[in-house]
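Please read through the structure below; I'll follow up with questions.
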Amino acid sequence: MSISSLKRFEIAPMNQSSGSSSFSYREGNPLIQFEIGAEDLYLLSHTLRLNFQLDLTDGAGNTPNNNNQVPATGLAEVLLNNRIGCAGVIENITISNLQNNTLEYCRAYPRLLSSLISAGAGWGDYSGYLTQTFGASANKEVQGRLCNKTIQVSQPLLCGIFLNGESIPLSFRSGTGGLRISLMLAPSIQALFGSTPATTNNSYYTLSNISLTGQYGVPQGGVLPPIKSLGFSAYQNFYSVINNNDNTQQISPSLAAVVSQFSNFVPTEHISSYAQDGYKTTPLLNKGTAVGNPQVNDAPVSGISFLRSGTQYPLRFKIDSRLLTNFVAGAAGGDVYGASGFDAQRQLYYQSSLRPLRRTTMCLAGANSEGLGIANGDVNHNSVTDLGTNGKQQCYGIGCRYDAMGNGSTANFKAQSFSLRIQSKLDGVSPMSMYTYFLHRGVINYDGNGIVSIST
């Protein structure tokens, strides 16, 4: 690839009405679409940014007032998840070309980012550039202040096809054939939450001044060179619910080149609830004994096994976490961690599934995410967690990387099933939603006159 010059672009939504530049799930216009033309240009995907303003409105029709929060005890009216911020309003992203060939359908996008961003960002990043890109702070109290006013963001799209920042050829003859980027907004009850029902319930958000910006690379001679094939990456998502203490989830991804796999979790009752943050990545949790008690009690995982067609793969052993599951009676009658430390082995494999370890210089997982200060009564520190009854392990997940050597190798699940066995202390009456993602590679094939096929 040889680029002679750069061209900047700014694109407005193609489905923006002439009378209004705003989009809102509540107002019945939740779909935002952009088109990038099929030209002899490279899309420099590392420069691509989605820009917009976000305004929150409480259930009474007013701007939220989250100024009365006190660490661990204060009430909040309307909040966004403090780790992904404004990205939480985008439910799904579809990337296709102008011939309507789908390259990637990224479902449950906020749940994906809940894992991805924490894997490559530390506390200092949230104090700086992540506030500007995603409107995220990692701190619940600071996030409340952000939500009191208009939030301006300029965020990358962390879909698989843009993840590595590759230059994407756009022509019909030697490229994708242009791109159509479709964003489906999330219901307000899914994206927003708070602890003051009178004002949190029926709250909503509005997006305005939306644009897509980036840069094109102009090839030498102004014409893209002919190609026979074009590789790309994509995420594929699967949703399931686990509830038992020995659960095996079996999935048939039908993918020929899987790079990595990971899963994150949240209590099912927290999804689509104004009273709960549905984008947390919690450990497995049980309910307390009181009627209506939320899921706040730890249900520690004792064993994790990854399998392909019934055989342990790529790890030929079970991840054994029993040394970290010393049980004591919880205040609400459930099991909680005793004198346990950081679950380093599970976290190591999970971290590597999100990003190669050689590229990881910092992440949120650590003492703060484990909530270690809470045990000492320290509820006023700047934790990255929700300092509630269960403040620990908000960077929790399970995963593994098939490209362990970093040489581009993959695993074939085209005709073989994937299974994940999780042994835990789940009590059978506390369902946990599990979001499983496969990062995989696909190929676009050409015959000299355009696209012949797309294989994954």
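Note the angle between two axes, namely the Cα long axis of helix 109-120 and the longest principal axis of the Cα atoms of the chain, as a number of degrees from 0 to 90, rounded to the nearest 10.
Tilt of helix 109-120: around 80 degrees.
Summing +1 for each Lys or Arg and -1 for each Asp or Glu, what net charge is found among the other residues whose Cβ lies under 11 Å from the Cβ of Gly178?
-1
On to the next question. Stokes-Einstein diffusion coefficient for the stretch 1-119 at 37 °C in a medium of 0.692 mPa s, Rh from the Kirkwood formula over Cα pairs: what value in µm²/s?
Here the translational diffusion coefficient equals 183 µm²/s.
Moving on to the next point. Give me Arg359, Arg26, Arg145, Arg83 ranked fewest to most by other Cβ atoms within 10 Å of their Cβ, as a rough exposure proxy.
Arg359, Arg145, Arg26, Arg83
Mind pulling up the Rg/Rh value for the stretch 238-290? Radius of gyration and Kirkwood radius, both on Cα.
Working: Rg = 14.2 Å, Rh = 13.7 Å.
Rg/Rh: 1.03.
Can you give the three extents of the C-alpha atoms in the stretch 107-222 along their principal axes, from longest to shortest, in whole Å?
On the principal axes, the stretch 107-222 reaches 61, 31, 24 Å in Cα extent.
If you project the alpha carbons of the chain onto their three principal axes, what span does each projection cover, largest first, in Å?
Between the extreme Cα coordinates on each principal axis of the chain lie 71, 56, 35 Å.
From Cα pairs below 8 angstrom and at least 6 apart in sequence, can you work out the relative contact order of the chain, rounded to a whole percent?
24 percent
Taking 29 Å as the cut-off for C-alpha to C-alpha distance, list the pairs among Lys287/Lys318; Lys7/Lys140; Lys7/Lys228; Lys149/Lys280; Lys7/Lys280 that go past it.
From Lys287/Lys318; Lys7/Lys140; Lys7/Lys228; Lys149/Lys280; Lys7/Lys280, over 29 Å: Lys7/Lys140; Lys7/Lys280.
With a cut-off of 8 Å between alpha carbons and a minimum separation of six or more residues, what is the relative contact order of the stretch 52-180 in percent?
Here the relative contact order equals 31 percent.
Where does helix 344-354 land angle-wise versus the long Cα axis of the chain, in degrees 0 to 90, nearest 10?
In the chain, helix 344-354 runs at an angle near 20 degrees to the longest axis.
Another question about this same structure. For the stretch 3-225, treating each Cα as an identical point scatterer without solvent, what Debye log10 I(q)/I(0) comes out at q = 0.17 1/Å?
Results for the stretch 3-225 at q = 0.17 Å⁻¹ read -1.19.
Can you give me the P(r) profile for the stretch 1-71? Cα pairs, bins 10 angstrom wide beginning at 0, each as a whole percent.
12, 33, 24, 18, 9, 3
In addition: In the stretch 8-48, how does Rg compare with the Kirkwood Rh, expressed as the Rg/Rh ratio over alpha carbon atoms?
On the way: Rg = 13.3 Å, Rh = 12.4 Å.
Computed over Cα atoms, the ratio is 1.07.
Since every read-out is calculated from the coordinates, none of them should be taken as a lab result. The structure presented is a predicted model; accordingly, all values stated were derived computationally and were not measured. Neighbour counts run over all protein chains shown; Cβ positions are idealised from the backbone, glycine included.
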